[in-house]
Structures are given as structure tokens and as C-alpha cells.
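**Student:** Dropping the structure in here first, questions after.
The values are calculated or read from the model by the stated rules, or taken from the named source; none is laboratory data. None of the values given here were measured: they were computed from a predicted structure. Cβ placement follows ideal geometry from the backbone for every residue including glycine, while neighbour counts extend to all protein chains displayed. SASA here: full protein model, heavy atoms, side chains in, ligands and nucleic acids out. Shrake-Rupley method; radii C 1.70, N 1.55, O 1.52, S 1.80 Å.
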Amino acid sequence: MKLFPYAHATHPQWRMAAALVLAQLRGQMALPDYAQTPALALLYITDHYAAEAQAILEHLSAELPEVTDWAGTVGVGVSANNVEYFDEPAMCVMLCDLSPDQYRVFSGVAPMAASGRASGSGGFVAHTALVHADGGTPELNELIAEVADRTTSGYVFGGLAGSRGPSVQFSLGSAGNLSGQGAASGVFHGGLSGVAFGAGVGIVSRVTQGAQPVDKERTVTESDGNLVLKLDGEPALDVLLRELDISLEQPEQAMPRLRATLVGLTQPHPDVDIELPASGPQLRGQFGSEVMVRHLIGLDPGRRGVAIGDVAPEGTRLAFCERNVQAARADLIRVCSEVREELEPEELSLSMASALTVAEAEAAPHPARRIAGAIYVSCAGRGGPHFGSPSAELQVVRRALGDVPLVGFFAGGEIAHHRLYGYTGVLTVFTMPAL
């Protein structure tokens, strides 16, 4: 395995952006440390290009005939190593140097096989999967869990398409489609798609949270659907108002604070994390990856309840929280540093050590980091606008993780483990064998 060629560009005309991307890819593919004939491509575009998705896929696939499989989606922004493109026409591409028997592109016309069962003539069994999904898909949470169940690890990662126009997904596989589906165009609307990876693909994945608790965690002791009625036996609305130090009799002061308040939910019996995405110790006052952050969507003064953007059955642990830039930055640095420390060897040769300690401006992706490529899916509410300056979030990733091939997008919801998150970032790296 070699470094994954990757490229990114912005231009009002998608053909010009594509030309810039292709030039970057071809230049990297001519370098000795980069893959020369990768077969799998990940393509992410901003919603400015969504209406031209089919033409973009056809053009890029024609220009890169060695690439036989494509996957990707649209976001309100896309990202690459050290850069973010928000609210502008842009695209990014990464070519993955993976053995064809270690991955399968899937979609509604080419679904994944059940867990532990081989699919296709090659006997492929999915270990984990990159998942793209349309947020408007019915029973989406159940579908994500079903895809996770179809992998031997039970872990999937990815995100929801984010678009102010068509929510497109790219999914074009060399393994073919179900009988009777005909020749698929490779561009889909609705449902789920992505890439399943075999056990031979080394992957390390982490979830970074963007919210910080403002109060202690409590247990839901009574609820009705998405209406939380009691926390630790006390009316939920009373707890909320007391902890935020607000009163409904002063709405001009209460409403801004309520709009900024979220809830962090932990299921009664959270699944034990598998080895693949195992997380390190959490800093005090920060959420772990088992917590799902949801909106506070309403109040019920009559029943003294709090409505949230999810269901919270009795026994669920709940903490009121708010988005916090400092906590988000610290947690992002933590997960990137964990990945880097896990992969880089304790001892380096002089030449490798020199390559990894040059001035930041001269740094470049290097096999000694053992990261062939990376995917970063972040919430559309994060990125530079949240972190304080253009491309700030991806600059944090680069400083903490190092210079590595990386692409990603800003999603309408983030997928990790077997569930849907919000206000998080999901970092996944493809690992190389130790040198």
C-alpha cells in the first residue's frame, strides 16, 4: 500500500475545478511514494455543483480509466488537508490504493450481504463500511444500524448528505448491480450508499464531540416519546430552568439561552466499543463517543416536560449541554493525537525522523506516519465558521495529525459506530503496515 493521491479545487465552472483536480492527482501518481493505479475513488462536491453531479462523475471517470469504483456525496462544504470550502463551488477526490478483493461499493441497487456472509464471486465479507445517506430517508437510524449489523465489526462511519439543492450520492461499482436493475448511472437520490471494507484494510476511527455539558448527567425516569417528563424523579422543565438560571416569565432573557442549549443522551446500556474505534480517556467535562447530542425542540409547561430531537426511554442518561469552541478544539486535538501516537513507531530511523521534523511549511505526507489516507466528516455547523477563522478546523487536524492525504465533507449528520450523531467530527484513517 502507498499514499493515496488526493486533490481539491474551487472554481465557478466545474470543468475547470475538475481539470485542476486531475492535474494534482496525476502529478501525485507520478511520485514514488504515491499509488500509481488505484481503483477506488472517493468524490465529494459542494452543493453548488449538485445539479451537475452526473456530468462530473462521467467526466472524472472517463479521465481516470484506471479507477473502476466510485463513492461519495454532496456537502454544504468539502474539505481536504488544511483547507475547507464553504459556500463556494468546490470538489475533492481521493484515490484509494486498496486491493480489489478488500472492498465493495454498495447502494440500493447493489446492497451489502448479511454479516458473515460472502457476497459476489470473490467471497468478500464486510468488516466495516463508509456510509453516505440522505437525511430524508425514512427510518434512517434503523437503516444505519442494519448496515452496521451487516459488518463483522459492527462499526460504520460516514455522514448524511448536506445540500441546499439535490442531495446526491455517488456509487458506481465494478462488481455490478442486482439482477433486473439495469445499468446504473452512478448518481443516486435517497437511501444509503458507500463502500464496505474487508478485514484486510487497516482502519482507525475516532469521534470528536463539539458540545460540553453545563450540568451533571441525570437519569430519565419518565418520558413520553420525545418528551422527557422527569429527571431523577424531578420535573424535567424545572431542572432545566434551574440549571440554566432562567425563568419563563422573562422570555427575552430565557429564549437566547434555550436556543443555545442541547441535550447529550447516553443509552441505558451502551454497546461496548469494539477494538477498531476504541477511544482513549476523556478529559473532564467532555463527552465521550457514547453520547449523542440532540436539539432541544420545545417545552411543555403543562406537563413540566422538555421535548428533544430524539426519543429518550426511561433509563437514558441525559445532560444539558451547549456548543463550546474551546472544548471542541481540545477534543479534536485529542483524537488526532491519539491516532498519530497509535500509528507512529516508537523508534524511527534517522532519515524518517528527519522527514517528520522539517519545518511545517516544508512538511509533506510520508509513509513513516503509517497513514495512507484519511476521511474527515464534520458537522455542517462546525468548520471555520464555528472555530473562528477560514479553514480553522482542518488546520487543527493538520497540526495535530500531521500532513496526510485527507478529504471529507461537512454533513447534515455524522455516522459512527451504528448510530447518527450531531455536532461531531468523525475521523477515519487508512493505515499502512509498519516499516
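**Student:** Just checking, which of A30, A7, A23, A80 is in contact with a Phe, Trp or Tyr (Cβ under 9 Å, 6 or more places away or on another chain), closer than 17 Å to P405 by Cα and among the small types (G, A, S)?
**Tutor:** A80
**Student:** Do you know which of the residues in region 15-61 that are in a loop (DSSP other than H, G, I, E, B) and touching a helix residue (DSSP H, G or I) at 6+ places or on another chain (Cβ under 9 Å) is farthest from F106 (Cα to Cα)?
**Tutor:** Residue satisfying both the conditions and the ranking: D33.
**Student:** Test V335 against the stated conditions and say whether it is open to solvent by less than 70 Å² (accessible area, probe 1.4 Å), touching a strand residue (DSSP E or B) at 6+ places or on another chain (Cβ under 6 Å), modelled with pLDDT of 95 or more and of a type in the set (A, V, I, L, M).
**Tutor:** Answer is no for this residue.
**Student:** Please specify each residue of region 47-61 satisfying the condition of being surrounded by 20 or more Cβ atoms within 10 Å (Cβ to Cβ) and not charged (D, E, K, R).
**Tutor:** Across region 47-61, the qualifying residues are H48, Y49, A50, A53, I56, L57, L60.
**Student:** Can you say whether P12 is surrounded by fewer than 21 Cβ atoms within 10 Å (Cβ to Cβ) and either at pLDDT 95 or above or among the β-branched types (V, I, T) (or both), as far as the supplied structure shows?
**Tutor:** So P12 fits the description; yes.
**Student:** Quick one: how many residues across region 393-421 are small (G, A, S) and open to solvent by 10 Å² or more (accessible area, probe 1.4 Å)?
**Tutor:** Number of matching residues: 2.
**Student:** I would also like to ask the following. State which residue is modelled with the lowest pLDDT when the search covers only region 253-270 and only residues that are assigned to a loop (DSSP other than H, G, I, E, B) and either open to solvent by less than 70 Å² (accessible area, probe 1.4 Å) or touching a Lys or Arg at 6+ places or on another chain (Cβ under 9 Å) (or both).
**Tutor:** Per the stated criteria, the residue is P270.
**Student:** Identify all residues within region 193-214 that are buried (at least 24 other Cβ atoms within 10 Å of the Cβ), under 26 Å from S174 (Cα atoms) and touching a Ser or Thr at 6+ places or on another chain (Cβ under 8 Å); write none if there are none.
**Tutor:** Across region 193-214, the qualifying residues are S193, G194, A196, F197.
**Student:** Residues that are in contact with a helix residue (DSSP H, G or I) (Cβ under 7 Å, 6 or more places away or on another chain), in contact (Cβ under 8 Å) with a residue 12 or more places away in the chain and open to solvent by 20 Å² or more (accessible area, probe 1.4 Å): list the strands (runs of 3 or more DSSP E) wholly contained in region 62-164 that include at least 1 such residues.
**Tutor:** In region 62-164, 83-86 are the strands (runs of 3 or more DSSP E) which contain 1 or more residues that are in contact with a helix residue (DSSP H, G or I) (Cβ under 7 Å, 6 or more places away or on another chain), in contact (Cβ under 8 Å) with a residue 12 or more places away in the chain and open to solvent by 20 Å² or more (accessible area, probe 1.4 Å).
**Student:** Looking at R399 and the list (1) within 12 Å of the chain's Cα centre (by Cα); (2) outside any strand (DSSP E or B), which single condition is not satisfied?
**Tutor:** Exception for R399: condition (1).
**Student:** If you go through region 377-386, how many residues are part of a helix (DSSP H, G or I) and open to solvent by less than 10 Å² (accessible area, probe 1.4 Å)?
**Tutor:** Going through region 377-386 one residue at a time, the tally reaches 2.
**Student:** Quick one: count up the residues across region 423-435 that are within 24 Å of C321 (Cα to Cα) and open to solvent by 10 Å² or more (accessible area, probe 1.4 Å).
**Tutor:** Of the residues in that region, 1 qualify.
**Student:** Among A364, A368, A278, which is the only one that is farther than 22 Å from G233 by Cα, modelled with pLDDT under 70 and not in a loop (DSSP other than H, G, I, E, B)?
**Tutor:** Unique residue meeting the criteria: A368.
**Student:** Scanning region 281-308 for residues that are open to solvent by 70 Å² or more (accessible area, probe 1.4 Å) and in a strand (DSSP E or B), which turns out modelled with the highest pLDDT?
**Tutor:** My answer is I297.
**Student:** I would also like to ask the following. Looking at region 17-46, which of its residues are under 16 Å from P89 (Cβ atoms), out of contact with any Asp or Glu (no Cβ under 7 Å at 6 or more places or on another chain) and crowded, with 20+ Cβ neighbours inside 10 Å?
**Tutor:** A17, A18, V21, L43, Y44, I45, listed by residue number.
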